[in-house]
Amino acid sequence: MEILQLISQDHGIVKALFERLERRAAEPGPETESLVAELVTEILLHTKAEERALYRPLQTKGSSLKDFALEGHVEHKLLEIAVKRLSVVPPGADGKFKAVLKVAKELFVHHAVEEEEAEVFPKVRELFSPEEREALGERMATIKTELRKIKSTVVPGPAPASETARPITPEEAGSPSAAGAVPSRAPESIPAAVVPAPSAGKSREENLPGAAPQSEELRRAV
Ligand SMILES: [Fe+2]
Ligand SMILES: [Fe+2]
């Protein structure tokens with residue numbers, strides 16, 4: 001899939017999760033916890049893969065988007081912090097969960113919709129040919145798949161729901177399966193402990209500007 005299509009698809013998934021959570025902001029329980037965990041997972045997979053598949057080539061290509069790539073990384077971090085807060089602030093009538101959700105969604109809309117989709121996408125189309133964008137998309141999809149596998153390998157199952165009131169550690173991260181199962185807790189990060197063996201031949205995306213071998217990419221994953 002072409003990389004801008006893949007990014008748009010990811011943004012749509014995240015936007016839908018935000019909207020579902022907005023409807024449950026005052027309703028504690030396993031369903032809301034699962035939605036929070038799914039949102040955190042989807043955002044982490046997206047931001048890590050997007051940085052490696054797109055931001056890095058933008059930085060090394062000497063393009064006008066170099067500054068955006070650097071700022072985008074900071075915005076990703078702020079977004080990750082905000083959504084992770086959702087797993088420690090219980091939904092309820094006091095409005096605290098709703099407030100965190102609102103801020104997280106605003107960060108997402110500003111970064112993903114107002115900046116990436118409206119301003120960055122047209123410039124990426126100028127910088128990369130359709131073939132290059134297709135290869136970048138393959139690269140991003142592969143990174144996402146590998147990160148999802150790594151995450152499900154590190155933690156085999158969800159933690160008890162009773163533990164959701166305290167901050168969580170990387171070792172306690174949630175565990176969606178490759179088939180898309182939803183963990184009951186939000187992951188703190190996507191660990192890079194498990195790295196697949198590099199393939200014998202280079203795929204075509206490895207010839208793109210700024211591209212590193214896949215195994216190297218994953219070693220650098222947060
Ligand atoms: Fe982004
Ligand atoms: Fe994005």
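With the cut-off at 1.5 for a/c, could you classify the range 83-143 from its C-alpha gyration tensor as rounded, prolate or oblate?
oblate
Is the shape of the range 1-108 rounded, prolate or oblate, going by the alpha carbon gyration tensor and its root eigenvalues a ≥ b ≥ c, with a/c under 1.5 for rounded and a/b larger than b/c for prolate?
Here the range 1-108 falls in the prolate category.
Pop out the ³J(HN,Hα) list for the range 81-92 in order, Karplus 6.51 cos²θ - 1.76 cosθ + 1.60 with θ = phi - 60°, rounded to Hz; leave Gly and Pro as x.
4, 5, 6, 5, 4, 5, 7, 10, 9, x, x, x
Where the centroid of each part is defined by its Cα atoms, how far is the range 66-114 from the range 115-156 in Å?
21 Å
Taking R0 as 30 Å, what's the FRET efficiency between R125 and E71 from their Cβ-Cβ distance, rounded to 0.05?
After rounding, the FRET efficiency stands at 0.90.
Looking at this model, which pairs from K66/K123; K102/K151; K77/K102 are more than 20 angstrom apart at the alpha-carbon?
Long pairs (Cα-Cα over 20 Å): K102/K151.
Using 7 Å Cα-to-Cβ label points, what is the S64/L78 separation (nm, one decimal)?
Between S64 and L78, the label points sit 2.3 nm apart.
For A26 and E115, what does the FRET efficiency come to when R0 = 30 Å and r is the distance between their Cβ atoms, rounded to the nearest 0.05?
Rounded to the nearest 0.05, the efficiency is 0.45.
Readers should treat all values here as calculations from the given coordinates under stated rules, not as data from a laboratory. Remember, predicted model here, so these are calculated numbers, not experimental data. We place every Cβ from the backbone using ideal geometry, glycine too, and count neighbours over all the protein chains shown.
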